[in-house]
Amino acid sequence: MSSCCSPSHSDGHPTVVPLATVPADPTAAAGSTVGAGPTAAAGSALGFEPPRRARAEVIRGMVAVPEGPFLMGGDDPDAFPDDGEGPVREVFVSAFHIDPKAVSNSQFAAFAKATGYQTEAERFGWSFVFAAFVTGEAAHRVLAGRVPQAPWWLPVEGADWRHPAGPGTGIGDKRNHPVVHVSWADANAYAAWAGKRLPTEAEWEKAARGGLGRARFPWGDEFTPRGQHRCNTWQGEFPRRNTGQDGYLSTAPVDAYRPNGYGLFNTSGNVWEWCADWFSVDWHAPDAAHTRRDPAGPEAGAARVMRGGSYLCHDSYCNRYRVAARTSSTPDSSTGHVGFRCVA
């Protein structure tokens with residue numbers, strides 16, 4: 001689906017060939033280490049061998065989410081039926097650990113330095129940038145092709161995680177901001193290196209809710225309680241005018257705003273976050289064991305799940321910063337408003 005949410009690398013642009021899909025969990029836990037004994041095929045797909053890491057090292061700083069059931073999905077009157085947000089159903093999730101923050105530029109830089117990994121945007125040579133940010137040198141590097149449903153996305157040559165708005169831009173003052181222009185495969189590769197993995201959609205939503213049952217947002221039902229902004233979204237008239245009343249026009253630091261009940265930051269707004277699951281609008285609807293206990297999503301698909309919304313979401317067009325909201329994009333796609341966090 002293409003929108004303010006998720007243009008894909010194949011939208012309105014010269015054809016690119018997706019790289020081989022990285023295995024969903026290319027390393028298996030063994031003994032007291034995590035990421036021990038990766039297969040040769042996994043190492044080849046990743047481009048590096050994930051290091052052995054002690055469990056204590058892996059989960060240091062992560063948040064423990066207890067096992068148990070929760071009510072997943074939503075039936076908001078302003079939901080998007082085509083996204084498959086419902087039905088509201090009780091889902092049991094086993095205990096896990098999750099990063100309290102999205103992976104930052106600083107953390108991703110350490111990964112790239114240690115492994116020599118190049119993101120798909122770097123290998124393709126371009127990525128999508130929001131039009132208002134394309135200025136200076138980058139304005140001369142806009143490639144042919146547009147996203148018909150979302151003309152505010154421009155394919156910019158040289159845009160990648162190190163150059164989030166294209167050539168001439170950098171991350172020097174955004175070390176603590178979420179890394180962007182990362183594809184699902186890139187996020188998966190980082191997770192393997194860290195001895196972690198991407199969350200299932202059920203794990204992500206349970207953690208994002210922070211223990212609140214049917215609330216619309218991680219902090220409750222009111223978007224700005226007592227007039228206070230709790231997340232980074234678009235204010236004003238999308239896509240022409242953003243007032244920045246929440247303090248940010250683009251990404252915010254990964255620890256901006258108050259955390260939810262579990263201690264997670266920015267599970268609404270800021271950047272979309274990749275999940276492990278293939279996307280489907282109806283796979284989860286049947287009341288069955290595989291959809292109600294540690295669901296992992298369909299066995300195959302064309303796009304991967306993304307959750308949480310971004311700094312470009314606005315209630316007039318894409319109010320997918322609600323905790324039950326979901327969208328998707330092809331695994332090789334990258335934009336300036338998609339990042340991720342990991343689980344273990």
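I need the phi-derived Karplus couplings for the stretch 45-62: 6.51 cos²θ - 1.76 cosθ + 1.60, θ = phi - 60°, integer Hz, Gly and Pro marked x.
Once rounded to whole Hz, the list reads 5, 6, x, 7, 9, x, x, 6, 10, 5, 4, 4, 5, 5, 8, 4, x, 7.
Please compute the contact order of the chain in relative form: average sequence separation of alpha-carbon pairs under 8 Å and at least six residues apart, divided by the residue count, as a percent.
24 percent
At 222 nm, what helix-only mean residue ellipticity would the chain give, in deg cm²/dmol to the nearest 500, using -39500 (n - 2.57) for each DSSP H run of four or more?
-4000 deg cm²/dmol
If I take all pairs of Cα atoms in the stretch 69-138, what percentage of them are more than 21 Å from each other?
Summing the P(r) tail past 21 Å for the stretch 69-138 gives 64 percent.
So what are the ³J(HN,Hα) numbers for the stretch 260-268, from phi and the Karplus equation (6.51, -1.76, 1.60; θ = phi - 60°), rounded to whole Hz, Gly and Pro as x?
7, x, 8, x, 8, 9, 6, 8, 10
What part of the accessible area of the chain, given as a whole %, is carbon or sulfur when the probe is 1.4 angstrom? Before the final figure, lay out each step's value.
On the way: 7110 of 13510 Å².
C and S fraction of accessible area: 53 percent.
Give the Cα extents of the stretch 227-344 along the principal axes, in whole Å, largest first.
For the stretch 227-344, the Cα spread along each principal axis is 45, 31, 24 Å.
Hey, can you grab everything whose amide H is under 5 Å from the amide H of N232? Only 5+ residues off in sequence or another chain; H modelled, so Pro and N-termini drop out.
It is N270, by chain and number.
Which three extents, in whole angstrom, do the alpha-carbon atoms of the chain cover along their principal axes, largest first?
52, 49, 34
Would you mind working out the accessible area per residue for the stretch 209-267, using a 1.4 Å probe, and quoting it in Å²?
On the way: 2830 Å² over 59 residues.
About 48 Å² of surface per residue is accessible.
For G339, which sequence-distant residues (separation of 5 or more, or a different chain) have an amide H within less than 5 Å of its own amide H, given hydrogens modelled in the peptide plane?
W272, E273, W274
Could you do me a favour and compute the accessible area per residue for the stretch 57-160, 1.4 Å probe, result in Å²?
Normalised by residue count, the accessible surface of the stretch 57-160 is 44 Å².
Would you give the gap between the C-alpha center of the stretch 112-135 and the C-alpha center of the stretch 242-318, rounded to a whole Å?
21 Å
Pop out the ³J(HN,Hα) list for the stretch 80-93 in order, Karplus 6.51 cos²θ - 1.76 cosθ + 1.60 with θ = phi - 60°, rounded to Hz; leave Gly and Pro as x.
For the stretch 80-93, the Karplus-derived couplings read 10, x, 5, 7, x, 5, x, x, 5, 9, 7, 10, 8, 10 Hz, x marking Gly and Pro.
Which trypsin sites (Lys or Arg not before Pro) does the stretch 237-321 hold that lie in a coil by DSSP with at most 16 other beta carbons within 10 Å?
Passing sites in the stretch 237-321 are R240.
Amide H neighbours of D160 under 5 Å, counting only residues 5+ apart in sequence or on other chains, H built in-plane at 1.01 Å?
G166
Quick one: among A252, A110, A296, which has the greatest mean-square fluctuation in a GNM of the chain with alpha-carbon springs under 10 angstrom?
Of the options given, A110 has the highest mean-square fluctuation.
Excluding residues on the same chain fewer than 8 positions from K174, give the aspartates and glutamates whose Cα lies under 16 Å from its Cα.
Answer for K174, where 16 Å is the Cα cut-off: D160, D255, listed by chain and number.
The values are calculated or read from the model by the stated rules, or taken from the named source; none is laboratory data. Only a predicted model underlies this, so the values are computations on that prediction, with no experimental measurement involved. All Cβ positions, even for glycine, are placed from backbone atoms using ideal geometry, and neighbour counts span all protein chains on display. Note: accessible area is taken over every heavy atom of the protein model, side chains too, but ligands, DNA and RNA are not part of it. Shrake-Rupley method; radii C 1.70, N 1.55, O 1.52, S 1.80 Å.
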